[in-house]
Structure formats: C-alpha cells, structure tokens
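First comes the structure, then the notes that go with it.
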Amino acid sequence: MSQFTLLVVEDEEAIRSMLTIVLQQHNFKVLEAASVAQAKDILADTFPDLILLDWMLPKITGDEWTRQLKLDETYKDLPIILLTAKGEENDKVRGLDLGADDYVTKPFSPKELVSRIKAVLRRSGKIHDLTQIQFQDINLNTEQHSVNISGKEIDISPTEFRLLKFFLTHPNKVYTRTQLLDRVWGRSTYIEERTVDVHIRRLRKILASYQRESWLQTVRGFGYRFSEKQM
Ligand code: CA
C-alpha cells in the first residue's frame, strides 16, 4: 500500500510528537503544524490525504478552520478528523455539522485513532484507489508509476503521470487551471497557468495514440474535465 500523508495540527507539543510517532509506526507520512497558520503554509506545498485537527488551537480554532476548508472549492473534499476534549458532546456534534469527517476524543488509544483514520480514508475512496487506479480501460499503478491503456504500457513523464492520476481519481468534474495547479503541482509552485495547458496538450497527445483524447475535455471558459461521456 502506498503511503498516506497526514497533516497533524496540534499546539501541544507533547501530544503532537506522540501522534507523529504513533502514525509513523503505522506507515503514515506525517506533517506537523502547531497552528492553523503553520498548517496553511504546509498546504501551500503539499496536498495531504487527511488532516488530523485539534479543536482547541490558539487564534483560529479547529472548528473554525474546518468550516473554512469545507467552503473552499480546493479543499472541501479533504478529509478532516477533529480531536476533541473528553466530554464535549456539543463540540462533536458541531464538528460533524461543520463537515468534519469524524472526531476522536482525547485521550484516545493509538489503535482507535489509526482505525478511525483508515475508516475515513476508506470512505473517501482513497484506500482502494491507491496502488491500482482504473478508469474504463486505463490502468494506472502508483507504485510502479506505470500506465496501461487497453493492456499496453504507455510512455509517460512524471508530470503527465500525476495529472492523469488526478483526473482518473476525479472524473466527470470540471477543474480550473488554478485548481489543477494547486492539486497537481502544489500551491507554492511558481508555474504559470499556461503551463497547465502545455501538460494537458502532452497528455492529450498520449491519449490520442489510443483514441482516448476525447476523454480529456476542454470546458470553455472554465477549465478541464476527464470523462468518457461528451457533455
Ligand atoms: Ca490544543
């Protein structure tokens, strides 16, 4: 199984270190932030698979940031597990109302935490997606970095591979160039939007060798969509 990247946002250093150790033992890649501001900096570079977010944080609290993320087109599907203090029943309900995917009450057992994380990743479709991604007759293997179309292995560069992987896991939805830059390249990359078009053209050329170029669609005035249906 490929490695998942978790962003842990917790201001108490002892708890944060403990979480990191536990999660690393379970083969997760962990990014640590002590505040929402730090977490935002990390998001500029990396798109994690899940955020483990403490409720009680200085300045911007976990619930407030959850609300903001769930309203953000780019991050609304990014799973969030809130860490709440024991006995704060209202917080739990509010957290889920705000769009958090689950909550874990402190103090928690590492075993429970890991199983909650896996459950959320499974629900969000990430776990089974990981090593083998299939879309119609396109097969992408994230461990071998290989792509097969109709059983034939194709030649593909790393950027086109990431772009194709994104489209195969997010079909039928339109993404703007900015969203593609954020999700495929990372927000802090200094890349112009027209670079996206260049890579789209290259990917389309690859797909054209297999008569699949019509799946990578330009939606005039908006961006791009991957779909076998012509909409
Ligand atoms: Ca805290």
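To keep it simple, each residue is scored yes or no on (1) of a type in the set (Gly, Ala, Ser); (2) surrounded by 13 or more Cβ atoms within 10 Å (Cβ to Cβ); (3) over 20 Å from Trp185 (Cβ atoms).
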site: Leu113; (1), (2), (3): no, yes, yes
site: Arg116; (1), (2), (3): no, yes, yes
site: Arg122; (1), (2), (3): no, no, yes
site: Gln134; (1), (2), (3): no, no, yes
site: Asn139; (1), (2), (3): no, yes, yes
site: Glu143; (1), (2), (3): no, no, yes
site: Ile149; (1), (2), (3): no, yes, yes
site: Thr159; (1), (2), (3): no, yes, no
site: Phe167; (1), (2), (3): no, yes, no
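In the stretch 24-45 there is no residue matching the filter, namely being surrounded by 20 or more Cβ atoms within 10 Å (Cβ to Cβ), of a type in the set (D, E, K, R) and not assigned by TED's automatic domain parsing to the domain that holds Phe166.
Among the helices (runs of 4 or more DSSP H) confined to the stretch 148-231, the ones with at least 3 residues that are over 16 Å from the mean Cα position of the chain (by Cα) are located at 158-169, 193-208. The single residue among Arg162, Arg177, Arg204, Arg194 that is under 20 Å from Gln132 (Cβ atoms) and either in contact with a strand residue (DSSP E or B) (Cβ under 7 Å, 6 or more places away or on another chain) or basic (Lys, Arg) (or both) turns out to be Arg162.
Close contacts from the stretch 130-145, counting a first residue that is under 14 Å from Gln3 (Cβ atoms) and a second that is assigned to a strand (DSSP E or B) and open to solvent by less than 50 Å² (accessible area, probe 1.4 Å), with Cβ to Cβ under 7 Å and a gap of 6+ residues or different chains, come to Thr131/Asn141; Thr142/Ile133.
Here Gln68 clears all of (1) open to solvent by 30 Å² or more (accessible area, probe 1.4 Å); (2) in contact with a strand residue (DSSP E or B) (Cβ under 8 Å, 6 or more places away or on another chain) except the condition numbered (2).
The values are calculated or read from the model by the stated rules, or taken from the named source; none is laboratory data. What you see is a predicted model, and the numbers here were worked out from it, not measured in a lab. Positions of Cβ are backbone-derived with ideal geometry, glycine not excepted, and every protein chain shown enters the neighbour counts. Ligands, DNA and RNA are excluded from the accessible area calculation, which covers all protein heavy atoms including side chains. Shrake-Rupley method; radii C 1.70, N 1.55, O 1.52, S 1.80 Å.
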